[in-house]
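Working notes, beginning with the structure itself.
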Amino acid sequence: MSIALAQRPRPVADPHHFDVARIRADFPILAETIHGKPLVYLDNAATTHKPRAVIDAISEVYQRHYSNVHRGVHTLSQRSTDLFEGAREKVRGFINAAKAREIVFVRGTTEAINLVAQTYGRANIGAGDEILITAMEHHSNIVPWQMLCAQTGATLQVVPIDRRGELDMEAFERLLNDRTRLVSVVHMSNALGTVNPIETIIDRAHRRGIPVMVDGAQSAPHMPIDVHALDCDFFAFSGHKLYGPSGIGVLYGKEALLKAMPPYQGGGDMIRQVTFDKTEYNELPYKFEAGTPAIADAIALGTAIDYLQEIGMTAVAEHEHRLLSYATERAMHIPGLTVIGTAHDKGAILSFTLERVHPHDVGTLLDQLGIAIRAGHHCAMPVMDFFGVPATVRASFALYNTAQEVDALMDGIQQVIEVFA
Amino acid sequence: MLDQIRDLYQEVVFDHNRNPRNFRVIDDATRKIDGFNPLCGDRITLYLKLRDGVIEDVSFQGQGCAISTASASIMTEVVRGLTEQQAHELFATFHRITTGQDDDVKLEDLGKLAVLAGVRAYPARVKCATLAWHSLEAALADEATTVSTE
């Protein structure tokens with residue numbers, strides 16, 4: 001690669017110490033005050049904030065390198081193309097894909113799932129076939145399949161969950177059958193925090209020759225991902241939940257599957273040759289990237305990945321697990337608080353309800369204290385129905401959160417309870 | 001610490017949230033409608049008994065946040081006995097005060113409804129306060145489907 005963004009030297013991290021103060025200094029927005037209080041940002045499952053390096057990368061691309069990619073012979077087009085393809089290579093390394101052409105840039109996880117449904121799905125799934133999802137999916141891993149079912153006459157099957165928010169794996173094995181054409185499963189639930197045993201799910205499905213799509217929107221920001229070791233067929237995640245920009249995301253697909261799939265959208269960059277008689281499609285991954293992509297955002301996603309790689313995803317996961325354990329322990333001591341989602345294997349999401357106080361009221365009151373949480377159904381209405389609640393309060397942690405912020409949340413909840421007493 | 005939010009969460013709001021008025025089913029209701037706020041999952045079923053163009057009885061059931069519950073409760077108190085036209089005009093006034101388009105409205109003329117005027121400072125919560133009123137509007141128009149705040 002002939003071009004790289006400017007390097008900004010940072011002090012070398014101590015590998016034995018997770019220096020959260022040093023990390024916080026990298027995120028300008030954490031210096032904001034909300035209603036006169038320091039911001040306590042605990043809505044990271046919705047979206048994460050951006051380190052200065054990511055913000056600077058976007059600015060640098062537009063100020064120094066920007067032009068359209070894969071187009072011109074001029075210098076800026078070449079620079080943008082090199083940076084853009086360099087970001088693709090960073091994504092490949094981040095999830096340990098075999099080849100960069102297995103990395104398709106999309107707008108986000110939602111578009112990635114729609115892409116698979118409308119290309120792989122339309123080509124391989126027909127009337128009488130079954131698509132298997134789970135009861136803890138985000139709407140974005142439900143609705144695209146419902147649309148495909150309406151188009152093809154296939155049916156959607158749903159693996160149930162139990163009261164802890166864990167998958168019923170016996171039911172999963174029973175539901176896999178000769179009509180199952182695809183399994184699409186969330187790696188980590190955004191509403192419950194549950195981390196699903198996708199290794200087992202992929203193994204069982206593959207024994208029957210059924211491909212597996214993994215929704216990694218929540219998992220990719222919080223744990224190391226190795227698509228080669230997982231052997232999943234498709235894996236999707238979003239840039240904005242990974243400390244990168246919004247509007248850019250990733251679909252990984254095994255090369256053989258992507259090659260056989262019809263294109264998603266028609267347009268520029270996805271073609272090799274166009275006449276009015278016929279069009280020859282471009283090679284991977286460009287076949288799936290019609291139109292001018294989110295160039296600066298893709299490059300800045302590469303910067304976010306550099307940032308995370310330097311800290312190490314294992315260290316991130318350990319830090320967030322410590323926060324979750326502490327938050328869960330403190331929450332257990334608050335009378336009237338019920339944790340929703342108590343799976344054995346959980347990511348850093350604490351979803352809960354309070355007796356006599358609606359989540360929406362909790363959200364407004366905590367905001368007055370500078371604390372940002374999510375109150376609602378988290379785009380997972382079937383999960384809410386299962387637990388018999390209209391909504392939950394959700395605190396979701398990121399690498400820049402601290403035990404002091406957990407304390408601020410718990411003290412804030414105590415105040416909310418007093419106000420409503 | 002949370003004193004500054006008393007403009008939204010006044011004592012009257014807490015009182016109606018804890019003990020909602022007219023929280024019951026009307027067996028011989030002439031109109032019944034389900035209201036839904038997809039943003040937060042609040043649901044309300046509104047019962048209306050109309051006779052000769054007058055709201056003879058009105059009640060609600062459902063689950064929602066303090067703002068939507070209190071607003072529904074207060075609404076059932078203030079619209080009983082009104083004509084359909086009067087209720088419609090009150091909805092229009094209420095909509096204006098909750099969205100801050102109320103230069104010509106005197107809060108002291110609003111009676112009980114005035115306690116909900118504070119919601120205008122919290123745009124994310126306006127739909128909570130207006131869910132019951134949108135349901136009432138739809139019930140008066142005799143729309144048979146679920147109304148949504150979206």
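The values are calculated or read from the model by the stated rules, or taken from the named source; none is laboratory data. Since this is a predicted model, take the numbers as computed values, not measurements. Note: ideal-geometry Cβ built from the backbone for every residue, glycine included; neighbour counts use all protein chains shown.
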Suppose we filter region B:121-139 for residues that are within 11 Å of chain A (Cβ to nearest Cβ), assigned to a helix (DSSP H, G or I) and hydroxyl-bearing (Ser, Thr, Tyr); how many remain? 0
Does region A:369-378 include one or more residues that are assigned to a loop (DSSP other than H, G, I, E, B), at the interface with chain B (Cβ under 10 Å from one of its Cβ atoms) and either of a type in the set (Lys, Arg) or over 19 Å from the mean Cα position of the chain (by Cα) (or both)? yes
Can residue A:383 be described as buried (at least 22 other Cβ atoms within 10 Å of the Cβ), at pLDDT below 95 and either within 13 Å of chain B (Cβ to nearest Cβ) or in contact with a Ser or Thr (Cβ under 9 Å, 6 or more places away or on another chain) (or both)? yes
Scanning region B:96-134 residue by residue, those farther than 21 Å from residue A:364 by Cα, out of contact with any Asp or Glu (no Cβ under 8 Å at 6 or more places or on another chain) and not hydrophobic (A, V, I, L, M, F, W, C) turn out to be B:101, B:102, B:103, B:104, B:106, B:108, B:109, B:111, B:134
Sort out which residues of region A:251-305 are in contact with a Pro (Cβ under 9 Å, 6 or more places away or on another chain) and assigned to a loop (DSSP other than H, G, I, E, B), and write them in order of number. A:254, A:269, A:270, A:282, A:290, A:294
Just for region A:250-307: of the residues that are among the acidic types (Asp, Glu) and in contact (Cβ under 8 Å) with a residue 60 or more places away in the chain, which one is nearest to residue A:106 (Cα to Cα)? A:289
Would you confirm, using the coordinates I've provided, whether residue A:119 is under 19 Å from residue A:290 (Cβ atoms), under 17 Å from the mean Cα position of the chain (by Cα) and surrounded by fewer than 24 Cβ atoms within 10 Å (Cβ to Cβ)? no
Quick check on my filter: what residues within region A:393-421 are within 11 Å of another protein chain (Cβ to nearest Cβ) and within 25 Å of the chain's Cα centre (by Cα)? none
Quick one: residue A:390 ticks every box in (1) at pLDDT 95 or above; (2) assigned to a loop (DSSP other than H, G, I, E, B); (3) within 11 Å of another protein chain (Cβ to nearest Cβ) except a single one, so which number is it? (1)
Across (1) crowded, with 18+ Cβ neighbours inside 10 Å; (2) part of a helix (DSSP H, G or I); (3) not polar (S, T, N, Q), residue A:329 clears everything bar (1)
Considering region A:336-356 alone, what residues qualify as being free of Cβ contacts under 8 Å to residues at least 24 places away in the same chain and out of contact with any strand residue (DSSP E or B) (no Cβ under 6 Å at 6 or more places or on another chain)? A:355
